[in-house]
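Data first, discussion second: the structure below is written as structure tokens.
The values are calculated or read from the model by the stated rules, or taken from the named source; none is laboratory data. Every value quoted in this text rests on a predicted model; they were computed, and no experiment measured them. Cβ: placed from backbone, ideal geometry, glycine included. Neighbour counts: every protein chain shown.
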Amino acid sequence: MNAIEVTGLTHVYGDVVAVDDVGFTVAEGEVFALLGTNGAGKTTTLEVVEGFLRPAEGTVRVLGRDPRTERAALAPSMGVLPQESGLIGELTVAETLSLWQRLSSRKDSPAELMDRLALAHRADVQAERLSGGERRRLDVALAVWGRPRLVVLDEMTAGLDPESRQRVWALVEDLAATGTTVLMTTHYLEEAEALADRVAIMHAGRVRVAGTLSAVLSSRPARITATLPPGFPALPAVSGTVDLDGRALAVETEALQDDLHALLVWADRHGLRLDGLNATQASLEEVFLELASARMGAA
């Protein structure tokens with residue numbers, strides 16, 4: 001069953017087409033990362049899903065409802081983290097969560113959330129006096145309050161230090177493990193690699209690549225690199241493309257296991273040591289940059 005279904009979504013600002021015929025689905029209980037270059041249309045897409053914007057064309061269903069006309073009915077089941085904080089500056093961290101506790105139909109523990117997001121020691125500090133990272137963690141606490149069925153997170157770890165980012169990642173993983181659906185955007189590609197079950201990459205208002213993380217990564221060549229010893233013999237035959245610069249070897253291949261095995265057998269047969277040997281799949285960053293540069297070239 002799908003928590004989100006987007007079909008033929010188009011949204012315009014004046015003469016600018018911000019989102020152009022976008023479609024994707026998010027299954028219940030999965031983490032879906034919507035990625036893209038600046039101005040790709042990610043935040044606009046999220047705002048339509050959240051019900052803040054009406055699409056010019058297309059349909060959007062969230063938990064079986066129209067998010068624009070049925071926002072009130074969806075609110076008890078959704079948590080939303082916008083890019084910009086909406087905190088009341090005069091309220092302390094504890095007061096903010098206490099207010100949320102009274103406003104929300106979902107049940108949760110302010111003390112537990114403060115502890116999980118390293119805010120307990122700042123409980124009596126006004127929001128306007130928090131650091132940017134602390135405000136972001138408080139925003140996250142409000143978005144995930146009561147473990148809603150669906151959480152939409154727009155740049156959830158922007159401005160966070162590595163330790164705080166890990167705390168938020170652990171919270172998202174815990175939510176997903178207990179059945180919450182997560183739709184997220186991020187500029188940290190390692191964040192998508194760590195958390196997402198599936199990804200979609202947008203550029204110029206359209207989804208250009210989509211699928212499971214493994215499928216997206218396996219669609220690009222893997223890479224083997226090593227430094228060969230002096231006076232090495234002729235290289236073995238491999239299926240990938242070989243780039244040899246002096247003793248620096250790089251192989252781009254779609255048959256990583258076979259080509260790595262051929263190199264290791266060759267090295268063992270000749271008693272050679274391959275310094276700095278590294279074999280890796282394509283990274284999400286490589287896919288992203290390849291896509292962005294290809295579209296820039298086409299433009």
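Test LEU235 against the stated conditions and say whether it is aliphatic (A, V, I, L, M), surrounded by 12 or more Cβ atoms within 10 Å (Cβ to Cβ), more than 39 Å from the chain's Cα centre (by Cα) and not in a helix (DSSP H, G or I).
In short, yes.
Under 8 Å between Cβ atoms, at least 6 apart or on separate chains: pull out the pairs that start in the range 241-269 with a residue that is in the same structural domain as LEU228 (by TED's automatic domain parsing) and surrounded by 13 or more Cβ atoms within 10 Å (Cβ to Cβ) and end on any residue that is of a type in the set (A, V, I, L, M) and part of a helix (DSSP H, G or I).
VAL251/LEU263
Listed residues ARG135, ARG147; which is farther than 13 Å from ALA94 by Cα and touching a Ser or Thr at 6+ places or on another chain (Cβ under 9 Å)?
Testing whether each residue is farther than 13 Å from ALA94 by Cα and touching a Ser or Thr at 6+ places or on another chain (Cβ under 9 Å) leaves just ARG147.
Please find, among GLY14, GLY51, the residue that is in the same structural domain as THR178 (by TED's automatic domain parsing), free of Cβ contacts under 8 Å to residues at least 40 places away in the same chain and in contact with a helix residue (DSSP H, G or I) (Cβ under 7 Å, 6 or more places away or on another chain).
GLY51
Tally the residues that are in contact with a strand residue (DSSP E or B) (Cβ under 8 Å, 6 or more places away or on another chain), among the acidic types (Asp, Glu) and closer than 27 Å to ALA158 by Cα, restricting the search to the range 53-105.
Of the residues in the range 53-105, 1 are in contact with a strand residue (DSSP E or B) (Cβ under 8 Å, 6 or more places away or on another chain), among the acidic types (Asp, Glu) and closer than 27 Å to ALA158 by Cα.
Having 2 or more residues that are under 16 Å from the mean Cα position of the chain (by Cα) and over 17 Å from PRO148 (Cβ atoms) is the bar; report the helices (runs of 4 or more DSSP H) wholly within the range 25-115 that clear it.
Per the criteria, 42-49.
Among the residues of the range 140-189, what is the count of those that are of a type outside the set (Lys, Arg) and not in a loop (DSSP other than H, G, I, E, B)?
Number of matching residues: 30.
With the requirement that a residue be surrounded by 18 or more Cβ atoms within 10 Å (Cβ to Cβ), over 18 Å from GLU47 (Cα atoms) and not hydroxyl-bearing (Ser, Thr, Tyr), what does the range 150-166 give you?
LEU160, ARG165
Would you mind stating whether ALA33 is closer than 18 Å to THR185 by Cα and in contact (Cβ under 8 Å) with a residue 24 or more places away in the chain?
For ALA33, the condition - closer than 18 Å to THR185 by Cα and in contact (Cβ under 8 Å) with a residue 24 or more places away in the chain - is met.
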